[in-house]
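Below is one structure, written out as structure tokens, with a few remarks after it.
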Amino acid sequence: IRKRTPTNPAWFNGEDLAEMGITEGDPVRLRSSLAEVTLVAARDDKLRRGCVQTSHGWGGLPGDPRDPSSGVNVNLLIDDEENCEALNAMPHFSGVPVDVTPLPNS
């Protein structure tokens, strides 16, 4: 998987990227009501405008300072105590509202 996609980018519709002044490969901050993470922006025009998508299963444990180019633990954005399924206690991993902030390239 890492040969094809070496990280879990934040995927945006290209029109959204242009509107926010973000270029593919730029760092972006996603902030939920619980936490924030920094990811690398990527383009996917199949995504609906106004949505951002990323994959779970990347990054380290909370507090592990990692470069976002190696993957980010987006589970940090999810409230796994309040937003869970009643029957199986699975946290809701989709439909999580986030704010997007472009970050300067460093």
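Could you tell me how many of the residues in segment 1-17 are open to solvent by 70 Å² or more (accessible area, probe 1.4 Å) and free of Cβ contacts under 8 Å to residues at least 40 places away in the same chain?
5
Considering (1) out of contact with any Lys or Arg (no Cβ under 9 Å at 6 or more places or on another chain); (2) open to solvent by less than 60 Å² (accessible area, probe 1.4 Å); (3) farther than 23 Å from Ile1 by Cβ; (4) polar (S, T, N, Q), say which one Asn83 fails and leave the rest.
The number of the failed condition is (2).
With respect to Val52, determine if the residue is at pLDDT 95 or above and crowded, with 17+ Cβ neighbours inside 10 Å.
Criteria met by Val52.
For (1) surrounded by 11 or more Cβ atoms within 10 Å (Cβ to Cβ); (2) touching a residue at least 12 places away in the same chain (Cβ under 8 Å); (3) outside any helix (DSSP H, G or I), each residue gets a yes or a no:
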{"position": "Glu19", "(1), (2), (3)": "yes, no, no"}
{"position": "Glu24", "(1), (2), (3)": "yes, yes, yes"}
{"position": "Val37", "(1), (2), (3)": "yes, yes, yes"}
{"position": "Ala42", "(1), (2), (3)": "yes, yes, yes"}
{"position": "Gly60", "(1), (2), (3)": "yes, yes, yes"}
{"position": "Val72", "(1), (2), (3)": "yes, yes, yes"}
{"position": "Ala89", "(1), (2), (3)": "no, no, yes"}
{"position": "Val96", "(1), (2), (3)": "yes, yes, yes"}
{"position": "Asn105", "(1), (2), (3)": "no, yes, yes"}
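Criterion first (over 22 Å from Pro104 (Cα atoms), without any contact (Cβ under 8 Å) to a residue 60 or more places away in the chain and charged (D, E, K, R)) does Glu82 satisfy it?
yes
The values are calculated or read from the model by the stated rules, or taken from the named source; none is laboratory data. What you are looking at is a predicted structure, and each value in this text was computed from that prediction instead of being measured. Positions of Cβ are generated from backbone atoms using ideal geometry, with glycine treated the same way; all protein chains shown enter the neighbour counts. The area values use the complete protein model at the heavy-atom level, side chains included, leaving out ligands, DNA and RNA. Shrake-Rupley method; radii C 1.70, N 1.55, O 1.52, S 1.80 Å.
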